[in-house]
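Shown next, in structure tokens, is the structure this report addresses.
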Amino acid sequence: QVQLVESGGGLVQPGRSLKLSCAASGISFRFYAMAWYRQAPGKQRDLVASISSGGSTNYADSVKGRFAISRDNAKNTVYLQMNSLKPEDTAVYYCNARIGTPNYWGQGTQVTVSS
């Protein structure tokens, strides 16, 4: 049973920070590429950030310089540090794990950025 469980979402004011966590089980975590996606109402699910098994990171242009993805293989957990949050960051954030084609998703966690 593969499980990806996101946590850390919530309501924050613009300019503040949140840190999301995704705890994985049922996979050999250290060998998987991990990523965060987000989906706002009425929009497609888009890649936010990814981190390879070797630690290489990539970010969507919209979050570069504000968000940071990291992983702790000892804890089977991937994180997304979100700083300088903007209202347009409001979305459900999903954790993803993959090795090539095999692809697993978490249930999502809501992030709302509003004053």
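The values are calculated or read from the model by the stated rules, or taken from the named source; none is laboratory data. Quick caveat, the model's predicted, so the values are computed rather than measured. Cβ: placed from backbone, ideal geometry, glycine included. Neighbour counts: every protein chain shown. Areas reflect the complete protein model, heavy atoms only, side chains present, ligands, DNA and RNA absent. Shrake-Rupley method; radii C 1.70, N 1.55, O 1.52, S 1.80 Å.
What accessible area, in Å² to the nearest ten, does a 1.4 Å probe give for Met82?
Solvent-accessible area, nearest 10 Å²: 0 Å².
Carbon and sulfur: what percent of the stretch 39-115's accessible surface (1.4 Å probe)?
The value for the stretch 39-115 is 45 percent carbon and sulfur by accessible area.
Starting from the Cα gyration tensor of the stretch 5-48, take the square roots of the eigenvalues, sort them a ≥ b ≥ c, and report rounded, prolate or oblate (rounded when a/c is under 1.5, otherwise prolate if a/b is larger than b/c, else oblate).
It comes out oblate by the Cα gyration axes.
Using a cut-off of 12 Å between beta-carbons, work out the net charge of the residues near Tyr93 (Lys and Arg +1, Asp and Glu -1, Tyr93 not included).
Residues near Tyr93 contribute 0 overall.
Compute, for Val2, the solvent-accessible surface of its heavy atoms (probe 1.4 Å) with the complete set of protein chains present, and express it in square angstrom to the nearest 10.
50
Could you state the accessible area per residue of the chain in Å², with a 1.4 Å probe and every protein chain left in place?
Roughly 53 Å² per residue, with all protein chains present.
Would you please give the FRET efficiency between Asn83 and Ser56, computed as 1/(1 + (r/R0)^6) with r the Cβ-Cβ distance and R0 = 22 Å, to the nearest 0.05?
With R0 = 22 Å, the Cβ-Cβ based efficiency is 0.60.
Counting Lys +1, Arg +1, Asp -1, Glu -1, what net charge surrounds Ala33 among other residues with beta carbon under 12 Å of its beta carbon?
Net local charge, Ala33 excluded: +3.
Less than 13 Å Cβ to Cβ from Ser52, Lys/Arg counted +1 and Asp/Glu -1: what total charge do the surrounding residues give?
Taking every other residue near Ser52 into account, the sum is +3.
Hey, what do the phi angles of the stretch 41-55 turn into as Karplus ³J(HN,Hα) couplings, whole Hz, using 6.51/-1.76/1.60 and θ = phi - 60°, x for Gly and Pro?
So the J values, rounded to whole Hz, are x, x, 10, 6, 7, 10, 5, 9, 7, 9, 9, 7, 4, x, x.
Can you give the convex hull volume per residue for the Cα atoms of the chain, as a whole number of Å³?
Output value, Cα hull per residue: 95 Å³.
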